[in-house]
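Taking it in order: structure first as structure tokens, then the write-up.
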Amino acid sequence: MGAAQEDGDPPIQIQQDGPAPVDLGTACDFSILAKSGISSVPNSDVAGDIGVSPIASTAITGFDLTLDASGVYSTSTQVDGRVYAADYAEPTPSRLTTAVNDMETAFTDAYGRVPPDFTELGGGNIGGETLTPGVYNWSTDVLIDDDITIDGGPDDTWIFQIAGDLTVASGVTVNLTGGAQPENIVWVVAGGAGVEIGTDADFSGVVLAQTGINVLTNATVDGCLYAQTDVNLQMATVTGCDCDLVDLQVDSACVDEEGEITVTNPNDVSVMVTVTGPDAYEETMEVPAGGSATWGNLVDGTYSLETDNLQIGLDITTLDISCDPTVPDVVTEPATDVNGSTATLNGELTDLGDFDDVDVFFEWRELGTDEWIATPPQTLDAPGDFSAGIEGLEPGTTYEFRAVGLANGERVEGATLRIIKEVPGVPQVITSPATDVNGSTATLNGELLDLGDFDDVDVFFEWREVGTDEWTATAPQTLDAPGDFSAGIEGLEPGGTYEFRAVAVTDDTRDEGAILSFTKDEPGAPIVETQMATEINGSTATLNGELIEIGDFDSVDVFFEWREVGADEWNTTAPQTLDEPGDFSDGIAGLEPGSTYEFRAVVVANGTREEGTIVSFTKAEAGVPSVETRPATEINGSTAVLNGELIDLGDFDDADVFFEWREVGADEWIATAPQTLDEPGDFSAEIEGLEPGSTYEFRAVMVANDERFLGATLSFTKLAPDDLEVETQPATDVNGSTATLNGELLEIGDAEEVSVYFLYRVKGTAVWMFTDEAILTEPGPFSATATNLEKGTTYEFQAVAQEGDTVVYGDILEFTKAPDNGDNGKNKKKKKREYKRAKREYEKYKKKYEKGKVNKKQLKKKRHAYERAKREYEKYKKKC
């Protein structure tokens, strides 16, 4: 991107952040460009042009193409520009070859930008991130499972280098803020599965994929798609890129039996165009920016067009004008059935002229040869289609052909199109990023995606230092099935940047992957490597690393940085000083069961910092002791019940469990009496002495053989009299994949209105889901629907009331989404048991109330539960 200025004006200063822009070259003339095909599940909507090369137009499917009479392009109702393919008339094949080369060059440039500003962000999941200008690099797949924001100015650049695949989840939006432009956002994806943009997603940027791109139903791409294999659209929208300069579009027509040529200029600068033709015809006209110019009153014959601007071409440079109504007219159509050594040539006689019949045939030849070969003539006495089969075609060879009409000495020709006779069953290989770039060596990686029609394929790598001419080849490996392959290379010079590509060869057929690059670090820098975490027990783990090289330093400091995946801030272990290469480790504590953590080894010496790769591990594997804190219940009077669950004893026969609790802000924890458990299960303890209006925090604790394990720290608030109070009531209408959750707001306190809702989750899991909230202005019942429930699964839920910063919870209840196999009277028995249990609880609390052990509000709560259970049981008896 650039800015123009008038002579004499002061220079325009543009502030640009991030790397230099990626030059797409002539690829930017196309909104979609692919090497092996473009498909659409109608109706898709593409703004701008699309093209395929070196594959033929038969690889463009689902667009219902109509070939223009010039043979240079097709049109489709799903594309508001033009459609180009390698088998169309010149200059289309040449334009596409250049554009595909520019696309591959852009991929190599963008993927090879070093050093990156950000590495392994989010561990490969960047949902919810805000991305500033820069180069981002991942050695893994990348997932966008939530909306992201790309924030920066209109001249800033973002390059996302992804060694694996890119997946954009359904419904995700890529938001652009600050003036960021889609054509300055480049997603360069090297993975074998390529790119998938999910249903209803709203994506932005230029995608450069080493393999394929799939855009699913109702997704929108504000940008361009460039694939080194195929692009597949499913009722999707692609808006295209805003390129600096694009080729002019040429059209021709007949007006009152005279020819007319119109040139349209989509650019923001005017262009001079010269048209030459029969009888020394030559005329130059200005085609204004955003406008068009027309050359009229043209006699029949061949015309050539050229511009005065080296950066701006034309999509048609030579065309034939034939407007004499007395002369027959023929049109060449694309070849079909290009199989084995044969093909079918197609044409259409569109007008007999003044003749009763016309002889039609085809002329064809290998591209680059002089002599045409003619098919036998066919005599037509009415306009219509005609075809002819040809044979003797050689694999890997390009042919050209044209339809011809001949009547009483009058000869007319259609446009010259191409037949691309591909080598059958070509193997396909991709290049993967280099690894183990240590000392003077590196490991090159690739993947054989397809054997083609061959039983086995030789694969190897070609590599060289950037800027040199000669490639060095690794030893070939023979593969008889698709898969990964690697080769080590040596003799690398520190500070040098090298490029390499994967190659597959069989029976003189050769396929190459994209060219990738890597840089060998300068000498003197220490090298550190992150290794796998060990001893992931209780709430602790041991992080491990290795100092590979100490560089030019006598000693270095090594340590680890670690965090929970998704967190922003790193935690740092204490540094250790090493004076020679070797292993080092450090323990970390405070890990939460069920959470995934990432860490990296770091070496620092005299201001020089090097990092190892980011490695992750998950806390709470099978067999590891684990305890979980559950929400407090029965927060009444000055007491409350603390709840927990022993998830796993690990390798211990039994364990002591208890709770630690304190008022928020206090320093000292208070411990409840320990309970000894010899199997997993729930446990509780009552605490007392709570002050109204105070908030308390607590955690479940497990101790076994002097090892201590902690659950998460939860909190609750002891409300003052007349504050909020909410009650969870049993779920109803547990049908299909839904259930109705019920609760009652018992006290509203001094609040004018209260938000009420429910939390629910699969029993035994850590993540709560939220229902929609409702607003209540007075005490009373409320309900909400829980959705996407799985049959045969038990769920737990609790009612919640919130007013400002005050949040209160009801008890946690359960329900089970039963399989569709009938209840055989089980539900009736269950309702009866619930009714009797609620009645016993109510009777017990009446006696406690009479003795002054519980207050009136507690008794009322039990009476509500009893009456509700009785109604449910009576209702179910009638239903049965």
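Based on the Stokes-Einstein relation at 20 °C and a viscosity of 1.002 mPa s, and on the Kirkwood radius from alpha carbon pairs, region 136-279 is assigned a translational diffusion coefficient of 124 µm²/s.
With contributions of -39500 (n - 2.57) from each DSSP H run of at least four residues, the per-residue ellipticity at 222 nm computed over the chain stands at -3000 deg cm²/dmol. Note on D458 and E790: the extension gain reaches 114.6 nm, defined as 0.36 nm multiplied by sequence separation minus the Cα-Cα distance. A Förster radius of 30 Å combined with the Cβ-Cβ distance from E752 to V641 puts the calculated FRET efficiency at roughly 0.45. Placing dummy labels 7 Å off each Cα toward the beta-carbon, the span from A473 to D733 is 7.2 nm. Treating r as the C-beta distance of A481 and M532 and R0 as 30 Å, the FRET efficiency rounds to 0.55.
Measuring between alpha carbons in the structure, the pairs from K791/K839; K35/K421; K763/K791; K839/K870; K763/K817; K763/K844 lying more than 19 angstrom apart are K791/K839; K763/K844.
Here the accessible area of the chain is 43 percent carbon and sulfur, with a 1.4 angstrom probe and all protein chains present. A full extension of the chain between D45 and A253 corresponds to an added length of 72.2 nm, given 0.36 nm per residue minus the alpha carbon distance. Net length available on complete extension from D653 to T66 is 203.6 nm, with 0.36 nm assigned per residue and the Cα-Cα distance removed. Shape analysis of region 544-671 yields a ratio of the Cα radius of gyration to the Kirkwood radius, Rg/Rh, of 1.12. Averaged over its residues, region 456-551 has an accessible area of 47 Å² per residue, based on protein heavy atoms and a 1.4 Å probe. Here each label is just a point 7 Å from Cα along the line to Cβ, and for A567 and N297 those points are 8.2 nm apart.
When the P(r) is computed for region 350-478, the part past 27 Å accounts for 52% of the Cα-Cα pairs. With a simple spin-label model that places each label point 7 Å from the Cα along the Cα-to-Cβ direction, the separation between E679 and S170 comes to 4.2 nm. So, R0 is 41 Å and r is the distance between the beta-carbons of S555 and T177; what FRET efficiency does that work out to, to 0.05? My answer for the efficiency is 0.35.
Helix 92-111 versus the longest principal axis of the chain: what is the Cα-based angle in degrees, 0 to 90, to the nearest 10? Rounded to the nearest ten degrees, it is 30. Note: relative contact order over region 113-165, using C-alpha pairs below 8 Å and six or more positions apart, is 38 percent.
Using only the Cα atoms of region 114-179, each taken as one equal point scatterer with no solvent, compute I(q) by the Debye sum, divide by I(0), and report log10 of the ratio at q = 0.27, 0.28 Å⁻¹. Per q value, in the given order, log10 I(q)/I(0) is -1.27, -1.31.
Once Rh for region 678-749 is found with the Kirkwood sum over Cα pairs, what is the Stokes-Einstein diffusion coefficient at 10 °C and 1.306 mPa s, in µm²/s? So the translational diffusion coefficient is about 98 µm²/s.
Residues of region 647-670 falling in the label zone of E691, defined by backbone nitrogen less than 19 Å from a point 7 Å along Cα to beta-carbon, are 661-670.
How high is the relative contact order of region 221-338? Use alpha-carbon pairs under 8 Å, at least six apart in sequence, and give a whole percent. Worked out over region 221-338, it gives 23 percent.
Per residue, region 299-398 exposes an accessible area of 51 Å² to a 1.4 Å probe, with every protein chain left in place.
Counting only the Cα atoms, region 226-291 fills a convex hull of 184 Å³ per residue.
The values are calculated or read from the model by the stated rules, or taken from the named source; none is laboratory data. In this text the structure is predicted, and so the values were computed from the model without any measurement. Don't worry about glycine lacking a Cβ; one is built from the backbone with ideal geometry, like all the others, and counts go over all protein chains shown. When the accessible area is computed, the model is the full protein with side chains, heavy atoms only, and any ligands, DNA or RNA have been set aside. Shrake-Rupley method; radii C 1.70, N 1.55, O 1.52, S 1.80 Å.
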